[in-house]
Amino acid sequence: MRKTDLHVHTTGSDGLLSPEEVVALCRDNGVVAVAIADHDTVAGVRHLKAAADRKPGSGSPLSQTSFFFEGVEIIPAVEINTELGEKEVHILGYFIPLEGDSEFDTLLEILRQSRTERVRLMLSRLGEMGLPLELRHVEKLARGESVGRPHVGKAMVEKGYVSSVREAFEKYLGVGKPAYVPRTHLAPVEAVRAITRAGGVAVWAHPATSGCDDILDELVDNGLCGLECIHPRHSSEDVLRYSSLARDLGLIATGGSDYHGPGSDEGGELGEWVVDYSVVELLRNARRRKTGNPLDTPRRSSE
Ligand code: AMP
Ligand code: FE
Ligand code: FE
Ligand code: ZN
């Protein structure tokens, strides 16, 4: 098996490791290809691409859909968290263009702005509960441009209000908890459409955690290409069920660790939740079918 992890976060959003550190860990753990899928931003991938371009020996640029950094293939991706009533639906987008789709960039920008706005509202709720926090403090903990609840949780730990980020979610920040604020309403189908319009390939992330399989047909009708079957929050029954759903519907069964960094409460270990590289080829074929663009096969230049 050529180990491929199709779901990893970095300091671009709420991951703890920088993109370079993630690549180093991939090398250590024998992962040959990784999709960096930060929440609402491709800044981490852009940063890595710029670094790869400055290092001719590293082997890049290679293709329109991926590139190599230190010998590891990097797939530009994004994770968009949407809401459907009380349910959370996360959509992964693969092969996100790094330069140029201004419509998609604008959507991500709007989503990031609404993240900041949402954090502001959560802080005012916490303040009312006698747990004051500065927005500056939270923004400093978010090393990238995409701020979120984990950064609020971390700030709460630093202030001594809770002993872990998990506790912050359980007591204050989780859905239905006193400081919870819903995100700006973006329907799952809108995320699927936006990714597809931008030339990307949309996949439903950890669908078992959403609990709304009934929307699957609508998502497929709007361009969904795959289901994330292998995921640390999926039981072995979930893996089987979504793999067979994928087979029945002609969707690609994908998988990844949702790695958020060493010691993070979220996600699994990088290298332990993987699929074979052939899944990348399936995703790339799906993209080719949708965009009709044949010029996207990666070639390794000088290593
Ligand atoms: P946000 O994007 O601001 O809505 O925050 C969601 C992020 O919080 C997810 O991407 C996870 O990384 C993290 N998260 C969600 N639930 C928990 C939890 N119970 N404990 C710790 N982190 C969590
Ligand atoms: Fe996250
Ligand atoms: Fe997710
Ligand atoms: Zn994720």
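The values are calculated or read from the model by the stated rules, or taken from the named source; none is laboratory data. Note that the structure is predicted; figures quoted are calculated from it, not measured. Ideal geometry is used to build each Cβ from the backbone, glycine not excepted, and the neighbour counts take in all protein chains shown. Areas reflect the complete protein model, heavy atoms only, side chains present, ligands, DNA and RNA absent. Shrake-Rupley method; radii C 1.70, N 1.55, O 1.52, S 1.80 Å.
With the structure loaded, tell me whether Arg183 is of a type in the set (D, E, K, R), within 13 Å of ligand 1 (Cβ to nearest atom) and at pLDDT below 95 or whether it fails that test.
yes
May I ask you to list pairs of residues, at least six apart or on different chains, whose Cβ atoms are under 7 Å apart, with the first in segment 65-81 being touching a residue at least 12 places away in the same chain (Cβ under 8 Å) and open to solvent by 10 Å² or more (accessible area, probe 1.4 Å) and the second being assigned to a loop (DSSP other than H, G, I, E, B) and within 16 Å of ligand 4 (Cβ to nearest atom)?
Partner pairs satisfying both residue conditions: Asn81/Arg183.
Any residue at all in segment 155-163 that's surrounded by 15 or more Cβ atoms within 10 Å (Cβ to Cβ) and either acidic (Asp, Glu) or within 16 Å of ligand 4 (Cβ to nearest atom) (or both)?
no
Give me the pairs, please: first residue somewhere in segment 126-146 and touching a residue at least 60 places away in the same chain (Cβ under 8 Å), second residue anywhere and among the acidic types (Asp, Glu), beta-carbon distance under 6 Å, and either six or more positions apart or on two chains.
Short answer, once both residue conditions are applied: Ser146/Asp40.
Which residue is nearest to Pro19 (Cα to Cα), if the candidates are limited to segment 113-150 and must be polar (S, T, N, Q) and either open to solvent by less than 30 Å² (accessible area, probe 1.4 Å) or under 23 Å from the mean Cα position of the chain (by Cα) (or both)?
Among them, the one singled out is Ser146.
Taking the criterion of being farther than 18 Å from Ile80 by Cβ, away from ligand 2 (no atom under 16 Å from the Cβ) and touching a strand residue (DSSP E or B) at 6+ places or on another chain (Cβ under 9 Å), would at least one residue in segment 192-204 satisfy it?
no
Would you mind telling me which numbered condition in (1) touching an Asp or Glu at 6+ places or on another chain (Cβ under 7 Å); (2) within 16 Å of ligand 2 (Cβ to nearest atom); (3) modelled with pLDDT of 95 or more Glu266 fails?
Going through (1) touching an Asp or Glu at 6+ places or on another chain (Cβ under 7 Å); (2) within 16 Å of ligand 2 (Cβ to nearest atom); (3) modelled with pLDDT of 95 or more one by one, Glu266 breaks only (3).
Tell me, which residue of segment 240-265 that is of a type in the set (Asp, Glu) and within 16 Å of ligand 1 (Cβ to nearest atom) is nearest to the chain's Cα centre (by Cα)?
This residue is Asp258.
Among the residues of segment 16-30, what is the count of those that are crowded, with 24+ Cβ neighbours inside 10 Å and either under 11 Å from the mean Cα position of the chain (by Cα) or under 19 Å from Val279 (Cα atoms) (or both)?
Counting residues in segment 16-30 that are crowded, with 24+ Cβ neighbours inside 10 Å and either under 11 Å from the mean Cα position of the chain (by Cα) or under 19 Å from Val279 (Cα atoms) (or both) gives 1.
Please list, ordered by residue number, the helices (runs of 4 or more DSSP H) wholly in segment 165-271 having 3 or more residues that are open to solvent by 30 Å² or more (accessible area, probe 1.4 Å) and either within 20 Å of Arg149 (Cβ to Cβ) or touching a Gly at 6+ places or on another chain (Cβ under 6 Å) (or both).
Answer list for segment 165-271: 165-168.
Applying the selection to segment 99-112, what residues are of a type outside the set (Lys, Arg) and under 18 Å from the mean Cα position of the chain (by Cα)?
Listed by number, the residues that qualify are Phe104, Asp105, Thr106, Leu107, Leu108, Glu109, Ile110, Leu111.
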